[in-house]
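The structure appears right after this line, and notes come after that.
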Amino acid sequence: MAANPIVTMQTNYGDITIELWPDIAPNTVENFVGLAQGTKPWTDPKTHQKVTRPFYDGLIFHRVIPDFMIQAGCPLGTGTGGPGYKFDDECYAGGEILSGTITSDDDAYLVYSSIVIPYLQSTRNPDPAIVAIVDSCRAKRSGDPIKGKTVEFYQEKTGNSKPLKGHGKLKATVDYGTICMANSGPNTNGSQFFIVTKKDGCDWLNGKHTVFGKVTKGMDVVHKIENVKTDSNNRPTKDVMPTITKVTVH
């Protein structure tokens, strides 16, 4: 793939030009381009069949929040759909595998979000020690109860032996005009993305959403979409529904 592919995203409100950043997020860019061009197989959630056709053409911007972002990439148009697979975040570079006693807030959050919460979501009879720690975290509204124990303790209790890479250097920040992956937690990327419209950035999202490009032309179109009429769930109403008509990668 050539460096810095350029995407033309045609919508019923005008065209948006996006420069993708394969040096920052190579897997994410490859996924987006493959889906856009119809070369990457995906599972149609309506038929449950594997298909290879352009993914984004015809999809709507299903979530629009003024002074924040516009979101698209759900094949169901509800925010609950995806391509039938998930892949890892590409937010940090140079992180080392975590081991030993947890002492920092960042490491505690990583263990909580990547090991503890997925474990609780996937089992009906969780270990009481893990439940007690999570209850304490929620009561204190902090990750302090995670600290003091080892990473290996949580891996053993949850049966998750996958090495956990700690935070290294942040690759890119979630800033005005950037295109980022939407997700439902760490390493749950699929097809949904959002374009940031908040001019002073979104610091609270840094490290939680992969940034993989930026709008170079057409922010006026992004703002038109940002300001359409929506319902109480931030979904555009039918009479103003913004739609991606075609995505071309140059």
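Taking amide hydrogens as placed 1.01 Å from N in the peptide plane, the amide H of ASN160 sits under 5 Å from that of no residue at least 5 positions away in sequence or on another chain. For THR216, the residues whose amide H sits under 5 Å from its own are THR17, ILE18, GLU19, ignoring neighbours fewer than 5 places away on the same chain, with H placed 1.01 Å from N. Is the shape of the range 175-250 rounded, prolate or oblate, going by the alpha carbon gyration tensor and its root eigenvalues a ≥ b ≥ c, with a/c under 1.5 for rounded and a/b larger than b/c for prolate? Verdict is rounded for the range 175-250. Rounded to the nearest 500, the 222 nm mean residue ellipticity of the chain from helices alone is -6000 deg cm²/dmol, with -39,500 (n - 2.57) taken per DSSP H run of at least 4 residues. Remark: relative contact order (the range 95-158) = 54 percent; criterion is Cα-Cα distance under 8 angstrom and separation of 6 or more residues. Across the chain, C-alpha contacts under 8 Å between residues 6 or more apart give a mean separation that, scaled by the residue count, equals a relative contact order of 33 percent.
Applying the Karplus relation 6.51 cos²θ - 1.76 cosθ + 1.60 with θ = phi - 60° to the range 13-21 yields 3J(HN,Hα) values of 10, x, 9, 10, 9, 10, 8, 8, 10 Hz, where x marks Gly and Pro. Protection proxy ranking, highest mean first, for peptides 161-169, 173-181: 173-181, 161-169, where packing is the per-residue count of other beta-carbon atoms within 10 Å, averaged.
Amide H to amide H distances under 5 Å link MET69 with THR197, where only residues 5 or more positions off or on other chains count and H is placed in the peptide plane. For each pair in LYS40/LYS199; LYS157/LYS208; LYS169/LYS246; LYS149/LYS169; LYS140/LYS169; LYS86/LYS214, compute the distance between the two Cα atoms and list the pairs where it is over 27 Å. Beyond 27 Å between Cα atoms: LYS40/LYS199; LYS169/LYS246; LYS140/LYS169.
Between the alpha-carbon centers of the range 21-68 and the range 221-235, tell me the distance in whole angstrom. Taking the Cα centre of each part, the range 21-68 and the range 221-235 sit 21 Å apart.
Zone of SER104 (label point 7 Å along Cα→Cβ, backbone N under 17 Å): which residues in the range 163-186? In the range 163-186, the label zone of SER104 (backbone N under 17 Å from the point 7 Å along Cα→Cβ) covers 164-172. Quick check: from the Cα gyration tensor, does the range 95-158 come out rounded (a/c under 1.5), prolate or oblate? The shape class here is oblate.
Values quoted throughout were computed directly from the atomic coordinates according to the rules given, and no laboratory measurement underlies them. Being a predicted model, the structure only gives us computed values, none of them experimental. Reconstructed Cβ throughout: ideal geometry from the backbone, glycine too, with neighbour counts over all protein chains shown.
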